[in-house]
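Right, one structure below, let's go through it.
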Amino acid sequence: MDIIRRVDEMMRWVRERHAAGEEIGVVPTMGYLHEGHLSLCRLSLADGGHTVATIFVNPTQFGPGEDLARYPRDEERDLKMLRELGISAVFMPTPEQVYPPDYVTYVDTAGPSQGWCGATRPIHFRGVTTIVAQLFHITQPNRAYFGQKDAQQVAVLKQMVRDLKFPIEVIVGETVREPDGLAMSSRNVYLTAEDRQVALVISRALQLGRSLYEEGERSGERLTEAMRSVIAAEPNVRLDYIGVVNRRSFRAADVVLPMDLFIGAIYVGNCRLIDNLDVCPKVYPLRD
Ligand code: PAF
């Protein structure tokens, strides 16, 4: 497994593979890897060609007062996990490589980046599109893999790929959960044992939304209200948002359709957690 820290080296590595007619799948991450990331690498490995994982804690997607400084990092552990998987290369640039002192260019977003996480974290998606556009240019992948857990990020990045005509297939891997239903996230490390139990309220609320839909409820407002009351009954949680949206536009659904998504974000202890659930499992192809 090649470990590459410089942009020019990574670009040379990619040029050589493409010149040999080999394809590349990229798995962008911020490190502190868990089974969710590894499952994306396995999807890429199964698709053939080379798999390149990127590890970069991207400062431009963290707002003031967010967890950039304490975001968990463990380079050695990440590299061991990736080596065991058998991927071809890891790109882990320094912040100076990505954002030199005179850096001024950003990929602006609208549409699906508005509302929800975009309301709570106003500069977040602009940072995500900016780094992912850079990573796409540097790694020139045929395919890029992202997790459904960050559903709004997926909608924003698919929009960017369409709008900016990146010749890249975006492949979305299903959310990987702990046995008790908590969606895997690098940030789960912030949770105490008690927080960890309390955090399950978010998947319970989303599951209730799905059960009510299955029983015939189609009103976005009533489903949202029912999910909100599950969160409200848990005293140690602060609600950021909960709702049901069109998975492509991220507009709230008035009349809920099978391909829509239940989405939520909560604060537990000093941690903000997001999660989502398909209104109807398996009706919408994750690959498009
Ligand atoms: O999902 C993430 O880990 C990050 O937002 C990403 C896509 C790697 C960009 O920094």
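Nothing in this text is a laboratory measurement; each read-out follows from the coordinates by a stated rule. Predicted model only: the values in this text are computed from it and were never measured. Note that each Cβ is placed from the backbone with ideal geometry, even for glycine, and that neighbours are counted across all protein chains shown.
Out of everything in the range 143-166 that is outside any helix (DSSP H, G or I) and more than 13 Å from the ligand (Cβ to nearest atom), what residue ends up being surrounded by the most Cβ atoms within 10 Å (Cβ to Cβ)?
The extreme case among them is ARG143.
Is there any pair with a first residue in the range 169-185 that is without any contact (Cβ under 8 Å) to a residue 12 or more places away in the chain and a second that is assigned to a loop (DSSP other than H, G, I, E, B) and among the aliphatic types (A, V, I, L, M) whose Cβ atoms are under 8 Å apart and which are 6 or more apart or on different chains, and what are they?
Note: pairs meeting the criteria are GLU178/MET184.
How many of the residues in the range 242-275 are over 18 Å from GLN197 (Cα atoms) and out of contact with any Cys (no Cβ under 8 Å at 6 or more places or on another chain)?
Residues that pass the stated criteria total 20.
Which residue pairs have Cβ atoms closer than 6 Å, lie 6 or more positions apart in sequence or on different chains, and pair a first residue in the range 63-75 that is closer than 21 Å to PRO122 by Cβ with a second residue that is assigned to a loop (DSSP other than H, G, I, E, B) and among the hydrophobic types (A, V, I, L, M, F, W, C)?
Going by the 6 Å Cβ cut-off, the qualifying pairs are GLY63/ILE123; LEU68/PHE62; TYR71/VAL57.
Within the range 39-98, can you find the residues that are away from the ligand (no atom under 14 Å from the Cβ) and touching a Leu at 6+ places or on another chain (Cβ under 6 Å)?
Hits for the range 39-98 are THR51, MET81.
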